[in-house]
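Here the structure is laid out as structure tokens; the discussion comes afterwards.
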Amino acid sequence: MGYEIIWEPRGVVKRFFGEVTSDDMLKSVADSEGDSRFDELRFVINDFLDITAVSSSHHDVEEIAAIDSIAAVTNPRIKVAIVTTSPVVKEMAEGYINSPLNHYPTKIFQTLAEGRQWIAQTPTPTKPAAK
């Protein structure tokens, strides 16, 4: 079905809903990282609470991590919260977190409140994390 991007001061929430495809996820990355506000971001929340299904592969997750690794060169100060109760999304998120291409501090949460709390309490990175 899709996603929407909600811009906030210092961050962005990408809310996914309905049946989400790998194209939806890749387009959301391009939309947020290609925006002129990207350099000011300090957090990204990927909210998968309203999905009904997701179709993606390990290759898609690696592609997103690769795109993010390039983006981390220009903005290394982003923390990523992935909010989901879906076992499929959790598995994909763990693949992203464990990818050698991922340079952003990333954690998985079951609620938006937990994700926002982690973002507020975790120091902002100043350079891409070494893997």
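Can you find, within segment 108-131, the residue that is nearest to Ser55 (Cα to Cα) among those that are surrounded by 14 or more Cβ atoms within 10 Å (Cβ to Cβ) and modelled with pLDDT under 95?
Checking each candidate, the answer is Pro128.
Please verify whether segment 48-57 includes one or more residues that are crowded, with 19+ Cβ neighbours inside 10 Å, of a type in the set (Val, Ile, Thr) and free of Cβ contacts under 8 Å to residues at least 60 places away in the same chain.
As a first pass, look at segment 48-57 and keep what is crowded, with 19+ Cβ neighbours inside 10 Å: 48, 51, 54, 56.
If we keep only those that are of a type in the set (Val, Ile, Thr) as well, we get 51, 54.
After this cut, where a residue has to be free of Cβ contacts under 8 Å to residues at least 60 places away in the same chain as well, the list is 51, 54.
Yes.
Which residues, taken from segment 79-90, are farther than 13 Å from Arg116 by Cα and either in contact (Cβ under 8 Å) with a residue 12 or more places away in the chain or under 12 Å from the mean Cα position of the chain (by Cα) (or both)?
Of everything in segment 79-90, those that are farther than 13 Å from Arg116 by Cα and either in contact (Cβ under 8 Å) with a residue 12 or more places away in the chain or under 12 Å from the mean Cα position of the chain (by Cα) (or both) turn out to be Thr84, Thr85, Ser86, Val88, Val89, Lys90.
The values are calculated or read from the model by the stated rules, or taken from the named source; none is laboratory data. These numbers come from a predicted model, not from an experiment. So basically every Cβ, Gly included, is an ideal-geometry build from the backbone, and we count neighbours across all protein chains shown.
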